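Before any comments, here is the structure.
The values are calculated or read from the model by the stated rules, or taken from the named source; none is laboratory data. Just so it is clear, the model here is predicted, and its values are computed rather than measured. Don't worry about glycine lacking a Cβ; one is built from the backbone with ideal geometry, like all the others, and counts go over all protein chains shown.
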């Protein structure tokens, strides 16, 4: 895997083209991804915790479908509180096809349209009609929320394992916080089928930036998602060994600075949209969220008013060959 890091230890951007690619070790083949952790066939999670829509696959694969479809009950809150993705990350994911005269993108596992909105924003910076996007989402409640918020975008019921598009119909398949829920043995052949030759398959994940001390402390109190330090330790040969992986190039990885304006209340509301919280009994959920609120109240960075919640957007990208 080629590793491109676009931030330094202080969080400042570094030009991706100036980074020397690094080779990771060969991955182990322990388990297959599910849908709300970022993909990792390469090693066990650094922390023993269950997945949310933004983490890597759980060992309890029987629970994965329940978790993957748990978000519909919180669709409105998901749309309101979940972050978008770093615009530079979206552009890097699409870079191999951006020189084409026309670029048609599928947002697969689109949820309520967080990544779709970023693609629409990028399209607005390019010649009219050059970059277009459609979306597919399996959860009816999430899809309904998507259509309410983005009626101008075609959104279909569909899964990664049965994509409702004809062959060679899209130049890129992008997935925000969703690719780890896919059954890649079934999804990769489908993704290869709908992609044009040289098309892009890329997954994007937002991660808590635990280089920041108060964020690291928050993760010790309650780990809501994949921390940046953990994501960077993984080898991310996410397609290796899966049926259809021979249709894709070696994975490239890049990381981009990101963040979101928050208050303590809105950050707690974000954590409440994680599947581990949604499926929890109400008493335990209230206690967990109360602990987070107490921690935020104890920190000068978050006790009053608005603050920026530091994140990074990680991208894994492969090209159809």
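Observations on the structure shown:
- Test for residue 305: is it surrounded by fewer than 19 Cβ atoms within 10 Å (Cβ to Cβ), at pLDDT 90 or above and within 18 Å of the chain's Cα centre (by Cα): no
- Residue within the range 147-170 that is in a helix (DSSP H, G or I), free of Cβ contacts under 8 Å to residues at least 24 places away in the same chain and either over 16 Å from the mean Cα position of the chain (by Cα) or closer than 21 Å to residue 88 by Cβ (or both) present: yes
- Remark: residue 164 matches the filter, which requires a residue to be in contact with a strand residue (DSSP E or B) (Cβ under 9 Å, 6 or more places away or on another chain) and either at pLDDT 95 or above or surrounded by fewer than 21 Cβ atoms within 10 Å (Cβ to Cβ) (or both).
Per-residue answers, yes or no, for (1) crowded, with 16+ Cβ neighbours inside 10 Å; (2) farther than 22 Å from residue 103 by Cα:
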residue	(1), (2)
121	no, no
124	no, no
134	yes, no
145	yes, yes
154	no, no
160	yes, no
174	yes, no
183	yes, yes
215	yes, yes
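- On the stretch given as the range 104-119, residues that are surrounded by fewer than 24 Cβ atoms within 10 Å (Cβ to Cβ) and more than 20 Å from residue 79 (Cα to Cα) total 1.
- Cross-chain or 6+ apart pairs with Cβ under 9 Å, the range 303-314 first and at positive phi and touching a residue at least 12 places away in the same chain (Cβ under 8 Å), then surrounded by fewer than 20 Cβ atoms within 10 Å (Cβ to Cβ) and in a loop (DSSP other than H, G, I, E, B): 305/263
- Within the range 185-208, the set of residues being crowded, with 20+ Cβ neighbours inside 10 Å, modelled with pLDDT of 95 or more and not in a helix (DSSP H, G or I) comprises 195, 199, 200, 201, 202, 203, 204.
- Filter result (over 17 Å from residue 208 (Cα atoms) and not in a loop (DSSP other than H, G, I, E, B)) within the range 294-315: 294, 297, 298
- Here residue 273 passes the criteria (1) under 23 Å from residue 229 (Cα atoms); (2) modelled with pLDDT under 90; (3) not in a loop (DSSP other than H, G, I, E, B) except the one numbered (3).
- Among the residues making up the range 96-111, those that are assigned to a loop (DSSP other than H, G, I, E, B) and under 13 Å from the mean Cα position of the chain (by Cα) are 109, 110, 111.
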